[in-house]
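Here the structure is laid out as structure tokens; the discussion comes afterwards.
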Amino acid sequence: IDSFLDFLLFEKGEPITVGLLPRQALVTDASRYADHYYNDKKIRTKQALSTGDLISYQNENWMLVSQVDASGASYTGRIRKINHNTKFIISDWLYEFPSILEMVSLSVNSTVDIRIATGNMRITLQNNEITSQIAMNSRFIASLSAWQIIGLDYTKTGLIIMTAERDLFEADDDIENEIANGYSLPTWSISLQPTALTLAPEVTASIEATLLRNSTAQSGAAFLWQSSDIEIATVADGLARVSGPFRGRCRAAALPC
């Protein structure tokens with residue numbers, strides 16, 4: 001098929017997005033390769049693919065869950081539809097991860113150290129620098145239930161496969177927004193001093209930004225500065241400067257980074 005790939009992509013190819021990159025791919029039904037429940041798809045592109053890639057196809061989100069076949073001039077893999085955006089609190093920050101949730105019903109094997117009880121949840125995530133920080137006993141909410149991580153599987157490159165068991169709801173769980181321990185999240189804000197400046201053309205002034213956690217200043221924070229209108233004034237590293245003889249109002253903002 002590689003010798004005709006350009007022609008096939010032109011005639012039968014469909015647009016997909018891998019991460020943020022638009023591509024053209026041949027997409028076919030792959031249910032014969034897996035449990036028909038998943039309605040998996042097989043994709044083939046000329047550009048490199050990696051297990052765990054997040055893919056947009058026909059206005060739906062998918063994850064590449066198979067090992068990639070990189071033989072010839074094309075890359076082939078199997079994608080599975082993402083069915084949940086799972087929220088975890090990691091180091092006082094709330095993250096939302098595209099994920100694949102499935103109920104599992106496996107018997108206990110006494111000859112190994114892995115124990116998965118009937119009715120547990122399996123959750124598949126892309127393995128990256130953020131998801132790799134999810135630890136044992138982390139909690140999340142899905143399907144009107146609270147869950148606790150009891151197993152972490154890193155054996156499939158590009159993926160993290162977690163096992164979770166049902167947990168009791170706690171007082172600080174935000175059930176409506178599916179955030180376990182959501183009401184314990186700290187409030188983050190940025191304080192600017194001074195809060196307002198009046199500058200003449202070509203004059204520079206300093207603005208000090210402070211990151212606050214529940215009104216307590218945090219040291220070592222880095223900020224990204226931006227101006228609402230660079231034709232009036234610029235701001236960088238806390239230094240604001242009026243650009244020229246124009247007069248007007250301009251807001252400076254700092255974002256933590």
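Side notes on the structure shown:
- Matching residues in region 205-220 - criterion: being farther than 30 Å from residue 170 by Cβ and either open to solvent by less than 70 Å² (accessible area, probe 1.4 Å) or among the charged types (D, E, K, R) (or both): 205, 207, 208, 209, 210
- Applying the condition of being open to solvent by 90 Å² or more (accessible area, probe 1.4 Å) and within 16 Å of residue 202 (Cα to Cα) to region 222-238 and asking which residue is nearest to the chain's Cα centre (by Cα) yields 230.
For every residue, the table says whether it meets (1) at pLDDT 90 or above; (2) farther than 21 Å from residue 93 by Cα.
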{"position": "202", "(1), (2)": "no, yes"}
{"position": "220", "(1), (2)": "no, no"}
{"position": "224", "(1), (2)": "yes, no"}
{"position": "230", "(1), (2)": "no, yes"}
{"position": "240", "(1), (2)": "no, yes"}
{"position": "248", "(1), (2)": "no, yes"}
{"position": "257", "(1), (2)": "no, no"}
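- Counting only residues that are touching a residue at least 40 places away in the same chain (Cβ under 8 Å) and either assigned to a strand (DSSP E or B) or open to solvent by less than 20 Å² (accessible area, probe 1.4 Å) (or both), region 138-155 holds 4 of them.
- Lone unmet requirement of (1) within 30 Å of residue 174 (Cα to Cα); (2) at pLDDT below 85 for residue 87: (2)
- Candidates in region 52-75 are the residues that are among the polar types (S, T, N, Q) and more than 13 Å from residue 18 (Cα to Cα); of these, the one that is farthest from the chain's Cα centre (by Cα) is 71.
- Within the option set 91, 74, 66, being more than 14 Å from residue 123 (Cβ to Cβ), open to solvent by 50 Å² or more (accessible area, probe 1.4 Å) and either touching a His at 6+ places or on another chain (Cβ under 8 Å) or polar (S, T, N, Q) (or both) holds for one residue only, 91.
- Number of the exception - residue 158 against (1) in contact with a Phe, Trp or Tyr (Cβ under 9 Å, 6 or more places away or on another chain); (2) at pLDDT 95 or above; (3) surrounded by 12 or more Cβ atoms within 10 Å (Cβ to Cβ): (1)
- Scanning region 172-181 for residues that are out of contact with any Leu (no Cβ under 7 Å at 6 or more places or on another chain), open to solvent by less than 70 Å² (accessible area, probe 1.4 Å) and of a type outside the set (Asp, Glu) gives 180, 181.
- The listed residues are 184, 191, and the only one of them that is closer than 30 Å to residue 142 by Cα and open to solvent by less than 80 Å² (accessible area, probe 1.4 Å) turns out to be 184.
- Leading residue by the ranking (surrounded by the most Cβ atoms within 10 Å (Cβ to Cβ)) among those in region 101-137 that are modelled with pLDDT of 95 or more and in a loop (DSSP other than H, G, I, E, B): 134
- Residues in region 156-208 that are among the aliphatic types (A, V, I, L, M), assigned to a loop (DSSP other than H, G, I, E, B) and within 30 Å of residue 238 (Cβ to Cβ) were compared, and the one that is farthest from the chain's Cα centre (by Cα) is 200.
The values are calculated or read from the model by the stated rules, or taken from the named source; none is laboratory data. Nothing here was measured: the structure is a model prediction, and the numbers come from that model. Please note: Cβ atoms are built from the backbone with ideal geometry, for glycine as well, and neighbour counts cover all protein chains shown. For the accessible areas, the whole protein counts, side chains as well, though only heavy atoms, and no ligand, DNA or RNA atoms are used. Shrake-Rupley method; radii C 1.70, N 1.55, O 1.52, S 1.80 Å.
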